[in-house]
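Here is the structure we will look at, set down as structure tokens.
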Amino acid sequence: MLIYILISDSAEEIEEKCRKAVSDTESRLSYDPEKRPAISNLIDLYCAVSGSEIAQVEKQGWDQLQLKKALSQAVIERFTPIRENFLKLEQGTEVDEILMENGKTARSIAQQNMDEIQRIVGFT
């Protein structure tokens with residue numbers, strides 16, 4: 001099962017996706033990418049988002065459920081400001097206005113370049 005988190009996902013959606021993430025049958029945590037790839041992947045993700053070291057995570061004494069909860073909270077904490085900005089930009093007109101204004105500037109520059117090229121080549 002492929003689980004992915006979108007920038008636009010709510011906290012509840014992130015928690016649900018982390019809870020459903022593939023793990024294994026052994027409840028205690030140990031990092032072993034060869035023998036326990038699923039749980040090792042979750043530990044890697046948690047470390048990447050939280051800034052923790054693998055050894056620190058193993059020392060926590062967490063079970064898989066606790067790791068998944070910690071992962072979801074770390075993802076939510078890390079990405080909430082990004083999500084809020086994304087949604088604000090998506091709903092507003094600011095991006096469209098910037099694109100329109102820069103489009104006008106780009107077209108003006110392109111026209112000047114074409115005029116210069118035509119002059120150099122002798123088309124005008």
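Here are the numbers for this structure:
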{"quantity": "Qualifying position, being closer than 28 Å to Ile43 by Cβ and either in contact (Cβ under 8 Å) with a residue 24 or more places away in the chain or within 28 Å of the chain's Cα centre (by Cα) (or both), among Gln66, Gln91", "calculated": "Gln66"}
{"quantity": "First in segment 95-124 and part of a helix (DSSP H, G or I), second anywhere and not basic (Lys, Arg), Cβ under 7 Å, 6 or more apart", "calculated": "Val95/Leu89; Gln118/Thr124"}
{"quantity": "Filtered residues of segment 80-95 (kept if modelled with pLDDT of 85 or more and loosely packed, with under 10 Cβ neighbours inside 10 Å)", "calculated": "Pro81, Gln91"}
{"quantity": "Answer residue from segment 36-63, given it is surrounded by fewer than 18 Cβ atoms within 10 Å (Cβ to Cβ) and of a type in the set (Ser, Thr, Tyr) and is nearest to the chain's Cα centre (by Cα) among those", "calculated": "Ser50"}
{"quantity": "Residues that are closer than 19 Å to Ile5 by Cα, at pLDDT 95 or above and not hydroxyl-bearing (Ser, Thr, Tyr), drawn from segment 46-65", "calculated": "Cys47, Ala48, Val49, Gly51"}
{"quantity": "Residue list for segment 15-31, filter: buried (at least 18 other Cβ atoms within 10 Å of the Cβ), over 13 Å from Glu58 (Cβ atoms) and hydrophobic (A, V, I, L, M, F, W, C)", "calculated": "Cys18, Ala21"}
{"quantity": "Any hit, segment 11-21, residues being touching a residue at least 12 places away in the same chain (Cβ under 8 Å) and in a loop (DSSP other than H, G, I, E, B)", "calculated": "yes"}
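The values are calculated or read from the model by the stated rules, or taken from the named source; none is laboratory data. Every value quoted in this text rests on a predicted model; they were computed, and no experiment measured them. As a convention, Cβ positions derive from the backbone with ideal geometry for all residues, glycine included, and neighbour counts pool all protein chains shown.
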